[in-house]
1. What FRET efficiency would be calculated for the residue pair Leu243, Gln272, taking the C-beta separation as r and a Förster radius of 25 Å, to the nearest 0.05?
2. Quick query: amide H of Phe230 versus all other amide H atoms, modeled in the peptide plane; which residues come in under 5 Å with a sequence gap of 5 or more or a different chain?
3. Check the straight Cα-Cα distances from Lys91 and name the aspartates and glutamates below 18 Å, setting aside those fewer than 8 residues away within the same chain.
4. What nm value, rounded to one decimal, do you get for the distance between Arg101 and Arg210 when each label is placed 7 Å out toward the C-beta?
5. For each pair in Lys123/Lys233; Lys113/Lys196; Lys233/Lys277; Lys196/Lys259, compute the distance between the two Cα atoms and list the pairs where it is over 29 Å.
6. Specify the inter-centroid distance of segment 213-233 and segment 86-101, based on alpha-carbon positions, in whole Å.
7. Lys279: which aspartates and glutamates have alpha carbons under 13 Å from its alpha carbon, excluding same-chain residues fewer than 8 sequence positions away?
8. Amide H of Met150 versus every other amide H placed in the peptide plane: which residues, excluding those fewer than 5 positions away on the same chain, fall under 5 Å?
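Read-outs: derived from the displayed coordinates by stated rules, not from any lab. From a predicted model like this one, the values you see are computed outputs, not experimental measurements. Note that each Cβ is placed from the backbone with ideal geometry, even for glycine, and that neighbours are counted across all protein chains shown.
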Amino acid sequence: MQIDNRNLSSLSGVQLSQTKATGQAAKVQNGNNGKRRQDSAFPDSPLISSQPLRYGTQLNQQLTRVQQADDYLKAVESRVIAIQHALNQHKTSVVIADNMRQLQDLLTERATKSGGSIDRQLKVNFEQDARVNFRLPGSEQWVDSKQHEMLTFSLTGNSQEISAAVLPAGGSPQQIVQLLNRTLGKWGISASTAPKGVPQFQVDEVKWSRVSQQLSVQGSGGLYPAGEFFPIKPESDPSLSDLLQQPLSARRMLPVMEKTLTMLSVQREVLQESQRKVKTRIESMATFSPQLSALSSARRLAERLRDSDFLSLNQALLAQARVPAARVRNVLSRSG
């Protein structure tokens, strides 16, 4: 029986292409194995720099924020430990002041260096923008007041904005909070009820500077004077940056550093949990499982070829060259 040389050439070409494809698949798999992240490293640097679209924009942004937050907390922790060491070793005031200055500079750059994921209390939050918790002096009188009163709030700055609410006589904490949310919500201020029923407030950090300096209130003669605005000075929880600006003695500063280290340790645990979630999400997005990888598929095909499974070989070749089964059987039987 004669075999068409052209058919043999075509078949050889198909086999050569198949061999090249298998080799390329092996190279791709080996390359991926080489780039696989180590458990101790987070995140994989090529993930952000050389392959920014590897997992999509949203996931890469999340990876970047987690990495920035981790780097920032490590830097703060390092500076706090340096100050604690200087205080315990009774270093000179010059050395202590220099360490505090470096820490203060780091805290000033927090929003930029942490990617906006760490608030002024050095707490990690990836779900929303950093916010400031604060209280308004005199707000405890707004709850369960003996008479109703109209409160007109003013927020100045580039322009003056006005918003008003009528407090009912004997209003419950929940009623007062609802009124305050409608009144102050236009400025991004949200109110809630503290354990003792006193209203407490939150606002985005980017708005805190204006709210803390430009908020005032006018009453109707009961709680506040009528006819003029009375300045309100919001009181926020003191941050580490605030404490560093106070003239504290070494004896009083040491407990502050110890408390800060404890809090940083807790936040590092929160951050590690976020890292685990991101890693799990990345692993779930793998294109091939180890059992179904291109290299494993090529190896299984090679094993079938060695067993002279002509039907499997024909199915493999049909996908690329449409070679009839009879011709494959004829060629392989003569070549053997």
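1. Details: r = 27 Å, r/R0 = 1.06.
In this case the efficiency is close to 0.40.
2. Here Val217, Gln218 satisfy the definition.
3. Counting by Cα, and skipping residues close in sequence, Lys91 has these aspartates and glutamates nearby: Glu258.
4. A separation of 3.5 nm, rounded to one decimal place.
5. Numbers: Lys123/Lys233 24 Å; Lys113/Lys196 37 Å; Lys233/Lys277 41 Å; Lys196/Lys259 26 Å.
Checking Cα-Cα distances, Lys113/Lys196; Lys233/Lys277 exceed 29 Å.
6. 45 Å
7. Asp39, Asp44
8. Sorted by chain and number, the residues that satisfy this are Leu167, Ser220.
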